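Have a look at the structure below, then the notes.
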Amino acid sequence: MQRVLIDKISKNVYLLRLNDENTKYFEGLWYIPEGISYNAYVATLPEGVVLFDGWKHVYGELYVETLRQIVDFKDIKYVVVHHTEPDHSGSLKSLFNHVKNATILGHSFAIQLIQVFYGKLAEFRSVNDGEVVKIGKEYAIHFYHVPWLHWPDTVVSFLTGDNVLFTCDVFGSYGIPSKVFYEELTEEEKTKFRWFTQKYFANVIGHYVDWVIKNLEKLSQLNLDVKIIAPGHGPLHKEFNNIVTLYKALGSRKISPGKTIIIYTSMYKFVEDAVRIVVEELSRKGVNYRVYKFTDTYRDPESDIIGDVFDAENIILATSTYESDVFPLAKYIIDLLKMKVPSNKKILVMSVYGWGPVAGRKIMDSLMEKGFQVVGSLELKGSPSMYEEKIRTELNKLIP
Ligand code: FEO
């Protein structure tokens, strides 16, 4: 895969894309074997050059060298920072080693963050919600605050003339697209990128889901004549139905009816035996289910679990009591579920124990406290094969 891509996407705007296959754990947390791209943009306007976002800090010098191929640094008038997370702002320090007279445009909180992250790099100008910055007579950048997508600093901007809406994390995805625009991808790749968008959304924005619809409605009411949506990660969009529909579904916590996710940890195959009974029963019922596990030979990525469970209707969580508490990996997954996933799910908890049942009650209390509907908590002493009938009965409460 080509690492750096430069592509002219409209009359004046270039995409500068860095395809990052080195980052295995996005934010040091989310496993992404599919990689990620950082999309920076450059508008070469008659009255000056405007940069929109950048790349992760380890690619700072590469960003500068790439930028040098298309602009003279003395022509750079503004650097727009839509959002200060360092996957977009990390190259600012390298940039301002070479650029002397540009002004940084961003939300007042972004400007505070830039100063604490990188020091006083340049002149700053904070932009208010709805503010317009003119670039000569013909062009203007309109700024709109979209708080919590992904941080409180986040703004999107609209470049008139080229009619490009720069959205940073909003509408972004994991993965490295083979083409610039979503519409140019094969059907197979489109399906993959819908999943990568959902996974990115759940991992990164999931905690702030309350803000998604509010911000989408706000943008929609502006009636901007958008020709291109240009996000900070993944493919760009010329037709918006697909991406906006997906975002509205995720933002409104839409459930995929019947979708069932089984998550289990198993130390010595006892829990796995219980899950085998569950899987047989779900297959018999024709349920759409997927299994994620943590065992002595395999671990599924938390990033996929959180992405997949986001729109599920049912969860079956199976684990064991461990040192009079919940098995540590199950505790970790429960914390992530509570942090990132809407609570509009029904959950069946199953826990296996040897000398004392503890995990089931603790998990149930913890999930119910967050608003999940726990339909049952099954404590199984010893081998689950002794409790086949009991497991099937409890499962019927979740999925009749
Ligand atoms: Fe892609 Fe919140 O940074």
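Sites listed here are GluC sites (Glu not before Pro) in segment 144-228 whose DSSP assignment is loop and whose Cβ has at most 12 other Cβ atoms within 10 Å, and the list is empty. For segment 4-251, DSSP calls about 65 percent of its internal beta bridges antiparallel.
Ordering LEU5, LEU165, MET350 by Cα displacement along the dipole of the chain toward the positive end leaves MET350 in first place; charges were set at the Cβ atoms of Lys, Arg (+1) and Asp, Glu (-1).
Can you list the residues of segment 94-119 with backbone N under 17 Å from a point 7 Å past the Cα of LYS74, pointing along Cα to Cβ? It comes to 98-103, nothing else.
When only DSSP loop residues count, what GluC sites (Glu not before Pro) in segment 254-323 have their Cβ near at most 12 other Cβ atoms within 10 Å? Answer by residue number: GLU323.
Potential lengthening of the chain between THR103 and ILE6 amounts to 32.6 nm, from the contour at 0.36 nm per residue minus the alpha-carbon distance. Residues whose amide H falls under 5 Å from that of ASP20, counting only those 5 or more places apart or on a different chain, are ILE36, SER37, TYR38, with hydrogens built in the peptide plane. Between the Cα long axis of helix 328-340 and the first principal axis of the chain there is an angle of about 50°, rounded to the nearest 10.
The relative contact order of the chain comes to 11 percent, based on Cα pairs under 8 Å that sit 6 or more residues apart. Calculated mean residue ellipticity, 222 nm, the chain: -9000 deg cm²/dmol, from DSSP H runs (n ≥ 4) at -39500 (n - 2.57) each, averaged per residue and rounded to 500. Evaluating 6.51 cos²θ - 1.76 cosθ + 1.60 at θ = phi - 60° for every residue in segment 230-240, the Karplus couplings come out as 10, x, x, 9, x, x, 8, 10, 9, 10, 10 Hz, glycine and proline recorded as x. Using the Cβ-Cβ distance between GLU323 and GLU389 with R0 = 35 Å, the FRET efficiency computed as 1/(1 + (r/R0)^6) comes to roughly 0.70. Dimensions of segment 1-78 based on its C-alpha atoms, expressed as ranges along the principal axes with the largest first, amount to 43, 21, 17 Å. Using only the alpha-carbon atoms, how far is helix 187-200 inclined from the longest principal axis of the chain? Give it as 0 to 90 degrees, nearest 10. Long axis of 187-200 versus the principal axis of the chain: about 80 degrees. Distance between the modelled labels on LYS248 and ASN288, one decimal in nanometres: 1.9 nm (7 Å Cα→Cβ projection). Full extension of the chain between ASN128 and ASN344 gives 74.2 nm of extra length, using 0.36 nm per residue less the Cα-Cα distance.
Three principal axis extents describe the C-alpha atoms of the chain; from largest down they are 77, 37, 37 Å.
Of the trypsin sites (Lys or Arg not before Pro) found in segment 255-309, the ones in coil according to DSSP and having at most 15 other Cβ atoms within 10 Å of their Cβ are LYS269. In this Cβ point-charge picture (+1 for Lys and Arg, -1 for Asp and Glu), the chain has a dipole of about 360 debye about its Cα centre. For the listed residue pairs LYS74/LYS199; LYS100/LYS137; LYS259/LYS293, the alpha carbons are over 29 angstrom apart in LYS74/LYS199.
Comparing mean-square fluctuations of LEU329, LEU18, LEU67 from a GNM of the chain with C-alpha springs under 10 Å, the top value falls on LEU329.
Sorting THR84, THR297 by the number of Cβ atoms found within 10 Å of their own Cβ, with the fewest placed first, yields THR297, THR84. Between helix 388-398 and the chain there is an angle of about 40 degrees, using the helix long axis and the longest principal axis of the Cα atoms.
Every number here is computed from the coordinates shown, using simple stated rules; none is lab data. Being a predicted model, the structure only gives us computed values, none of them experimental. With ideal geometry, Cβ positions are generated from the backbone for all residues, glycine too; neighbour counts draw on all protein chains shown.
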